[in-house]
Amino acid sequence: PCINRYRVNWPEVELDLSGGFNFTPFPALARGDIDLVITSDPVEMAGIHYVPLFHYEAMLALAKNHRLTKRAYVTPDEMAGETLITYPIDRNRLDIFTRFLDPYDLEPADTRTAELTPMMVQLVASGRGVACLPNWALTEYLGSDVITARKLGPDGLWCKLYAAIREEQLDTPFMEDFLSTAVVSSFESLSGIVRINDNEEGLGQVPPAT
């Protein structure tokens, strides 16, 4: 929805998408090969500015008959016997490690990777492991009763999604319009996301007030 809406206002702007876990986006952004990176894992770099888009909750996806479905939320020590399915990226970029398990010096029983969210969901549904995924990405699967999900900790594990851009493009009309369109489209189409507080500062993850 975001791209289609943006193309109406800026038909002269060429839009292309790059992805894949072997792609290193931040050096490409700094070089000018690409103009924008969507990330929940900001890396402080000279000349790069991060525009916060929204908060989302990272949740633990579980098979319908998993033992942890009896819990209102999952604690770090309860991950000790689980196989954790993640995207194939360094663990220091995964919030479930850096903000949930590592502070308690805990590890899952095993890990495995999958590149695509639908593949991760199928592995979870078949009892091959558990996965930490954004609440908005889980909505369609929870609605179809394929899997279930639980909070990570009593307050949940809240994260922030950013748009990374070069500082020189921060005030350009085409970029300002894309960012505003992205926020509007996100709140129209994604469930469970929370608006950024104007008083928030820095790159930290601030849980929304309840």
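The values are calculated or read from the model by the stated rules, or taken from the named source; none is laboratory data. Just so we're clear, the structure is a prediction, and the values are computed from it rather than from any experiment. All Cβ positions, glycine included, derive from the backbone under ideal geometry; neighbour counts span all protein chains shown.
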Taking the stretch 91-111 and keeping only residues that are in contact with a strand residue (DSSP E or B) (Cβ under 8 Å, 6 or more places away or on another chain), surrounded by 14 or more Cβ atoms within 10 Å (Cβ to Cβ) and among the aliphatic types (A, V, I, L, M), one is left with 94, 96
Those residues of the stretch 38-88 that are within 13 Å of the chain's Cα centre (by Cα), surrounded by fewer than 20 Cβ atoms within 10 Å (Cβ to Cβ) and aliphatic (A, V, I, L, M) come to a total of 1
With criteria (1) at pLDDT 90 or above; (2) in contact with a helix residue (DSSP H, G or I) (Cβ under 9 Å, 6 or more places away or on another chain), residue 31 comes up short on (2)
Of the residues in the stretch 112-169 that are in contact with a Pro (Cβ under 8 Å, 6 or more places away or on another chain) and acidic (Asp, Glu), the one that is nearest to residue 187 (Cα to Cα) is 155
Expected single match for on the phi > 0 side of the Ramachandran plot and either of a type outside the set (S, T, N, Q) or in contact with an Asp or Glu (Cβ under 9 Å, 6 or more places away or on another chain) (or both) among 145, 155 is 145
query: Looking at residue 138, is it among the hydrophobic types (A, V, I, L, M, F, W, C), crowded, with 16+ Cβ neighbours inside 10 Å and closer than 23 Å to residue 192 by Cβ?
result: yes
Among (1) modelled with pLDDT under 95; (2) outside any helix (DSSP H, G or I), residue 140 falls short only on (2)
Flagged in the stretch 116-138 as under 11 Å from residue 56 (Cβ atoms) and in contact (Cβ under 8 Å) with a residue 40 or more places away in the chain, in numbering order, are 133, 134, 135, 136, 138
Within the stretch 1-14, of all residues that are of a type outside the set (S, T, N, Q) and within 22 Å of residue 190 (Cα to Cα), the one modelled with the lowest pLDDT is 1
